[in-house]
Amino acid sequence: MNMKKLNVALAIFVAAVMAGNAQSNTVNSDIVGYQTSTIAGKGSGSSFLSFVPNNLAKAAIHTGAGTAAGTVVTLAGASLSGSIGPVSGVPTHYLLVKTGTGAGFVSDVTAFTAGSVTTADNLSSSIPDGTTVSIVPHNKLSDILGTSTGLLIQSAGTAGSADNVYLVDSTGALKSYYYKTAPGAGWKTTTGGDATATIVYPTESILVARKQVAPVSVVTVGSVASEQTKVVFTQKFNSACSGAPVGLKLSDLTATVAAGGTAGAADNVYVINSTTGGLDTFYYKTAPGAGWKTAAGANVTDATTKDISAGFLVQRRSATPAILTQAKTW
């Protein structure tokens, strides 16, 4: 029941470069790398599931000291311009906390001025005076899986014939997308809505249902996190991956997810079965017989080695969010 491992080819091809900013302070640039993910062919079934992680970021448009008052973050030395706030209601950038105990938290930018941004969440407790923050463009579904000129999955006239991809929407439900052929070609929801601007959030993983026999490779390029990362699990479903292209095991979730006496009472973790291409369900059982179990109650003897770095789903029972923090080990 081992999840198909991410075929990682992380290459550090830009080392940390020292440079002076406008105030002559010394700063480090982000490390840039790439990784290759394999979307498996369908084999003997009707489709095969694979995860494509989003843990490499676009280059920040601003990095520097921030001071927060509620949802407004003042950015020292910033001179923001252009399309940074939402476009047609869809966020285009997010704020990333890079230092302090809140390092790794992100929040959508909902408005901006030349020297400040307004965020969707109140991160003021994580941004005391002098905290370093970045403003980063979002990755979109089309950035990772392509468009008409470089589409990596199978398109079709209908969702039923195309490869399908799934992301968790704002209600905590899995939402399905596909790439439609002409007429009206482009990324669509299964109901035909325009999905051109669909965001893939940091540390989110795209779930792909491949209906073709041949596997495909997805190469993603971007900045590796230079700080600890945080993944927030809210009520209902969450799609996640390792915060950087490094190993993450099922057992690493033990202290984060809620345990329970049965699968129905605990948070559930869904991992791809590398043989069937479907999803296996796991939970952490409380005593007696505490430990990682399958939905049927069998012991998961390989929980400490079961690799979930490329992606997994968490079904959170509680309305109180749970936070997985990965210390920087890269």
Provide a single number: the residues in segment 229-243 that are surrounded by fewer than 19 Cβ atoms within 10 Å (Cβ to Cβ) and either of a type in the set (A, V, I, L, M, F, W, C) or farther than 23 Å from residue 315 by Cβ (or both). 1
Quick check: is even one residue across segment 312-329 assigned to a loop (DSSP other than H, G, I, E, B) and on the phi > 0 side of the Ramachandran plot? no
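Listed here are the residues, each with its yes/no results for (1) over 22 Å from residue 223 (Cα atoms); (2) assigned by TED's automatic domain parsing to the domain that holds residue 216.
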site	(1), (2)
73	yes, no
77	yes, no
83	no, no
161	yes, yes
169	yes, yes
Being in contact (Cβ under 8 Å) with a residue 40 or more places away in the chain, among the hydroxyl-bearing types (Ser, Thr, Tyr) and in a strand (DSSP E or B) is true for just one of 239, 251. Which residue is that? 239
Only one of 214, 244 is among the small types (Gly, Ala, Ser) and under 22 Å from residue 123 (Cβ atoms); which? 244
For residue 256, the lone unmet condition from (1) farther than 20 Å from residue 320 by Cβ; (2) in a loop (DSSP other than H, G, I, E, B); (3) of a type in the set (Ser, Thr, Tyr) is (1)
Could you pull out the residue among 247, 291 that is over 19 Å from residue 311 (Cα atoms) and at pLDDT 95 or above? 291
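The values are calculated or read from the model by the stated rules, or taken from the named source; none is laboratory data. Keep in mind the model is a prediction, meaning the values are calculated, not measured. Positions of Cβ are backbone-derived with ideal geometry, glycine not excepted, and every protein chain shown enters the neighbour counts.
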